[in-house]
Amino acid sequence: MTTNPHAPAEASAPPARAVEYLLIALAFALVVLLVDPRGDMPLNDDWNFALATWEFADTGELRFARLTGMSLRTQVLWGALWTRAFGASFEVLRASTLTLALGTLLLLYNLLARFGVGRSIRFLATFALLFHPIFFWSSFTFMTHIPFLFLTVFAFWFYSAGVTEDRSWMVGLGSLAVVASFFIRQTGVATALAAVVAIWFAGRQRRAMHLGLALAPIVLFVVLWFGTEWLLGYREQMSQHVGHLDGGLGSVFLNLSGLVISHTVMNLLFSAVFFAPLVLLAMPRLSELRRALPPLLLAAIPVAWVVSGAIALGQAIPGRRREDIFGNLRLGPQTLRDHWVFNYAYPLHLPSIFRSVFTVLAAVLALVLVYQLYLAWKRCEPGNERRRFVSRFAVISAISGTLILTASSIYFDRYSLDGLWPVAVALVLCLRPTKRNVRMATVALLVLAVFCIGAMSEYLSWNRARWQALAWLHARGVTLEQMDGGYEINQYLLGGYDGEINLEKAGMSVVDDLYIISLTDVRDYRTLTTFPYRAPLSFGTRNLYVQERIGRGFVHDFDLD
């Protein structure tokens, strides 16, 4: 009897695997039900992408709004297909993203199973991705992160299978997925760059063929970038991100050097927190960490520099920047005027001292994560070349995905998902965790699950209340020019395609703030009415406020009953 040398390392019976996929799908459906994603309303920047999608579905013309920095084309096509089938609404677009989120989880699970990760560990890794706060939040929006990640994981899967099984057609499919991904976010080319490096290190059979196939999307990217405008969103918006690449060679080098340090450290900080279950699952023994003390101390220098600067500037995490997704016990940018302009804290928040302590703890976990990625490169047994290749491919992908972020001078916590998602592969592929590590990881996963479900439910709930408040104001004759309904209302309804693009201006596209919608009772405003919303993390409900500025006289004699 002969065996196929290219067969997957673990080939459980198809019916058993189908049951596992069904369990993931059912768990995902339960989570969606608990969150309750109803509401035909934009979230954060997804109105921007919805406008382009609906325009394309209606006219076949690709037209970007002024806040579009991404290439976006693949996502527009995906959303347009859903729009033509089910109609133009944010709920339809949200459903299209949730579908891709589930697909991403199933792809990751299948990848880990294909390369021999045990059932319990691959379940834990898959749910660690689901309850990664950025992945979770993005799944309920029409933001670019989930469509981009789906294609990136798809490409990683086919590169891994194609190279380890010497199937060139799979490597080719991986490259096609890379092309589709960089037509959503230009940084998608990093996956092909990582594949080229990983294939070069591997020295496997048919290396020249696989290298050529992996190089093809990189060559195409270069041609499109320098020869066309296909990889641009709205042209003027690109200057907001890449202005640091202008000027002399010396200044560009200094700018990039600083960004490499800051972006890398922030990526590690956020990923150490967001992937805490996997960091704890792979936690080395203390004796191993003692042996690694010299390199860890060296890595601690830039980490300490960035962290101390962030704390000194009041940018400790969570809550580093108002545009970040994760912060102060919330999930989703709090874009109403009380927080966005007046710097009021979110109703449920941590005092600054606790945020500083949290940041220091995140820095310690980040250093452990660095060591774990080093171990992921070294620890796969030499006898299992297939798993060794995928583990190293994941580490290289994490490095290239992080470094390519420095092409943008702007960094938000959401970028950590784009750059360091391969942590979900690298930390578990060659792992033999202790029972204690499994218990710690399980507890961390449960904590993140409770936080994500509760915080996302609250985020969607106050957003639904916000649009009820807008309808209440409209019914009483208040126009968009007389109010600040929060970033999404201001930009989507008032700004539209050609709204204000100055990211430094608070309350973009706001003409007047005579009336505001807020999560807190703002000084110098009087409350006209409130709208209750569900707040699971506060074990009850909170009120959204509709307020009128005091001191200029009331424009309307409202009946407040």
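Each peptide in 219-226, 400-407 receives the mean, over its residues, of other Cβ atoms within 10 Å, and ordering these scores from highest gives 400-407, 219-226.
Near residue 326, the amide H atoms lying under 5 Å from its own belong to 332; only residues 5 or more places off or on other chains count, and H is placed 1.01 Å from N.
Annotation note: trypsin sites (Lys or Arg not before Pro) in segment 72-169 located in DSSP loop regions with a Cβ neighbour count of at most 16 within 10 Å are 167. Annotation: amide H-H contacts under 5 Å for residue 544 (H modelled 1.01 Å from N, sequence separation of 5 or more, or interchain): 531, 533.
Relative to the longest principal axis of the Cα atoms of the chain, the long axis of helix 14-35 makes an angle of roughly 20 degrees. For segment 271-343, carbon and sulfur atoms together expose 66% of the accessible surface, with a 1.4 angstrom probe and every protein chain in place. Remark: spin-label model distance residue 22-residue 384 equals 2.9 nm, labels positioned 7 Å along the Cα→Cβ axis. Here are a few candidate values for Rg/Rh (Cα atoms, Kirkwood Rh): (1) 1.00; (2) 1.04; (3) 0.97. Which one was actually calculated from the structure I just gave you? It is the value labelled (3). Helical content of the chain, expressed as a calculated mean residue ellipticity at 222 nm, amounts to -19500 deg cm²/dmol (DSSP H runs of 4 or more residues, -39,500 (n - 2.57) each, divided by residue number, nearest 500). Label sites at residue 374 and residue 521, each approximated as a point 7 angstrom past Cα along Cα to Cβ, lie 5.5 nm apart. Per residue, the accessible area of the chain comes to 41 Å² when a 1.4 Å probe rolls over the protein heavy atoms. Taking the average, over residues, of other Cβ atoms within 10 Å as the packing measure, peptides 462-470, 349-357 rank 462-470, 349-357 from highest down.
Here the gap between residue 226 and residue 312, fully extended at 0.36 nm per residue and compared with their Cα-Cα distance, gives a gain of 26.9 nm. These residues, 115, 201, 451, go from largest to smallest accessible area, 1.4 Å probe, as 201, 451, 115. When all protein chains stay in place and ligands, DNA and RNA are ignored, the 1.4 Å accessible-area order of 541, 228, 191, largest first, is 541, 228, 191. Approximating the spin labels as points 7 Å out from Cα along Cα→Cβ, the residue 120-to-residue 497 distance works out to 5.7 nm. With K and R counted +1 and D and E -1, the other residues having a Cβ less than 10 Å from that of residue 330 yield a net charge of -2. Taking the Cα centre of the chain as reference, the dipole from Cβ charges on Lys and Arg (+1) and Asp and Glu (-1) amounts to some 2620 debye. When peptides 385-392, 408-415 are ranked by their average number of other Cβ atoms within 10 Å per residue, the highest-first order is 385-392, 408-415. Charge tally for residue 437 (other residues, Cβ to Cβ under 14 Å; Lys, Arg +1; Asp, Glu -1): +4. Only protein heavy atoms count here; on that basis, with a 1.4 Å probe, residue 474 has an accessible area of about 80 Å². A simple count of charges around residue 518, restricted to other residues whose Cβ falls under 13 Å of its Cβ and scoring Lys, Arg +1 and Asp, Glu -1, yields 0. Residues of segment 285-320 falling in the label zone of residue 352, defined by backbone nitrogen less than 19 Å from a point 7 Å along Cα to beta-carbon, are 306-320. Solvent-accessible area assigned to carbon and sulfur over segment 433-497 amounts to 67 percent, based on a 1.4 Å probe. The amide H of residue 65, built 1.01 Å from its N in the peptide plane, has 52 as neighbours under 5 Å, considering only residues 5 or more places off or on other chains.
The values are calculated or read from the model by the stated rules, or taken from the named source; none is laboratory data. Since this is a predicted model, take the numbers as computed values, not measurements. So basically every Cβ, Gly included, is an ideal-geometry build from the backbone, and we count neighbours across all protein chains shown. Surface accessibility is based on the protein's heavy atoms, side chains included, excluding ligands, DNA and RNA. Shrake-Rupley method; radii C 1.70, N 1.55, O 1.52, S 1.80 Å.
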